[in-house]
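What follows is a single structure, written as structure tokens, with notes after it.
The values are calculated or read from the model by the stated rules, or taken from the named source; none is laboratory data. The structure presented is a predicted model; accordingly, all values stated were derived computationally and were not measured. We place every Cβ from the backbone using ideal geometry, glycine too, and count neighbours over all the protein chains shown.
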Amino acid sequence: MEYKNILFNVDDGIAIITFNRPKALNAMNSETMAELMEVATICKKDENIKVLILTGAGEKAFVAGADIAQMQNLAAPEAFKFMEFGHDTLRLIETMPKPSIAAVNGFALGGGTEISLACDMRFAAENAVFGQPEILIGLIPGWGGTQRLPRLVGAGIAKELILGGGQINAQRAYEIGLVNRVLPAASLMEETKKFARKLASMPAFAVKMAKYSINYGYDLALDNANKLEIECCAQCFSTQDQKEGMKAFLEKRKPNFIGK
Ligand code: CO8
């Protein structure tokens, strides 16, 4: 399928979503966000898609934020709508029962950091740059940065980044737990695809339950969260993959998972 601002390819169960406005450093305008919603919806529904990778076209940027040129004259109700739609789109990615990896290849500022935060994992090229510079243009993050960033790296560091508006490099992002891996730019996509293929080979229902338990347990009190985990883990015993996984272990062979 053809999109104006996004490249969308599916290969061997792995969907690659590439933000494709390199001249504007892949800044997110409303059209691009609508296209992201469209492809994310396909990814959720298509059973052949097991894992999503989000990345940016060109050498310089993942996404350099929401499109400032488009936003500058928005009235508050229009801004609200743009933000709400962005939230809905990112929440769809965050909660879908398949893992997503942001392959961050350069600037991931403002909305770019926020898109990466909605993914399950972030793999960064050595030249990646993260930050929430909205404060420098009279805003605060509007696509989840004030909520997901403190949950991931702690409130103190999140406040340093959001109130201070500074940029951090990939190494610092790794140190604060914002990114999972730092990779040479030349091997970022290959290494990300390699890990995506590994995730795609896992028993799909267990992947779904693991993600569900972490996502929906995270903000609960521990007792309730543990109960959620018990429920999710127990459900795995209703799958053929659980039977196969345990049988294969006991027979000392590789399991043959079928995704059911
Ligand atoms: N929006 C629009 N255009 C952009 C953006 C952007 N976010 N970022 C870069 N561009 C454009 C530049 O205007 C420039 O265009 P042109 O060639 O036509 O002049 C082109 O991309 C290349 O950019 P630079 O020349 O600036 O490249 P540099 O290498 O000098 O600098 C930077 C790269 C540091 C990334 C710089 O471009 C920059 O600071 N960009 C803006 C970063 C930023 O502030 N991002 C946050 C935006 S706000 C946001 O994301 C809020 C999200 C949720 C709220 C939604 C509210 C409705």
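For a quick check of your reading of the model, give me the residue pairs whose first member lies in segment 155-167 and is assigned by TED's automatic domain parsing to the domain that holds Pro133 and within 17 Å of Val179 (Cβ to Cβ), whose second is of a type in the set (Asp, Glu) and away from the ligand (no atom under 12 Å from the Cβ), with beta-carbon atoms closer than 9 Å and at least 6 apart or on different chains.
Gly166/Glu160
Is one or more of the residues making up segment 91-103 near the ligand (Cβ under 7 Å from one of its atoms) and in the same structural domain as Leu183 (by TED's automatic domain parsing)?
no
Quick one: what pairs do we get from segment 58-73, first residue without any contact (Cβ under 8 Å) to a residue 40 or more places away in the chain and outside any loop (DSSP other than H, G, I, E, B), second more than 6 Å from the ligand (Cβ to nearest atom) and not small (Gly, Ala, Ser), C-beta under 6 Å, 6+ apart or different chains?
none
List the pairs whose first member sits in segment 30-56 and is on the phi > 0 side of the Ramachandran plot and not assigned by TED's automatic domain parsing to the domain that holds Ile101, whose second member is modelled with pLDDT of 95 or more and assigned to a helix (DSSP H, G or I), and whose Cβ atoms are under 6 Å apart, counting only residues at least 6 apart or on separate chains?
Note: no pairs meet the criteria.
Take the residues of segment 23-43 that are farther than 18 Å from Pro97 by Cβ and in contact with a Phe, Trp or Tyr (Cβ under 7 Å, 6 or more places away or on another chain): which is farthest from the ligand (Cβ to nearest atom)?
Checking each candidate, the answer is Glu35.
If a residue counts only when it is in contact with a strand residue (DSSP E or B) (Cβ under 7 Å, 6 or more places away or on another chain), which helices (runs of 4 or more DSSP H) contained entirely in segment 103-179 have at least 3 such residues?
111-118, 170-175
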